[in-house]
Amino acid sequence: MDDAHRTVMARSSYLWIAAGLAFSLTIVAAATGSIRLIEVALIVNGVLAIVGIGFGIWTGRALARR
């Protein structure tokens with residue numbers, strides 16, 4: 001495993017942790033029924049989706065360079 005793979009693995013773990021937190025926020029928002037909390041959860045999930053797409057593009061470029 002070279003440096004590019006190690007970097008991708010380390011940063012993907014941060015993305016997985018963020019996804020878990022966003023999922024938990026969504027469950028809490030649905031359970032409480034608070035419109036404002038649901039809006040925040042949707043925004044967080046949207047931002048996380050954009051970050052995930054960017055991460056995928058970055059990963060492809062980082063691993064293709066090796």
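Values computed for the structure shown
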read-out: Residue-span extension gain [residue 4 to residue 40] - 0.36 nm each, minus C-alpha spacing; value: 9.6 nm
read-out: Label-to-label distance, nm, for residues given as residue 18 and residue 58 (7 Å Cα→Cβ offset); value: 0.8
read-out: The chain - Rg (one decimal) and Dmax (whole number), Cα, Å; value: 15.2, 48
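Bear in mind that the values in this text are calculations on the coordinates, not laboratory data. Nothing here was measured: the structure is a model prediction, and the numbers come from that model. Because the Cβ atoms are built from the backbone with ideal geometry, glycine has one as well, and the counts that use them run over all protein chains shown.
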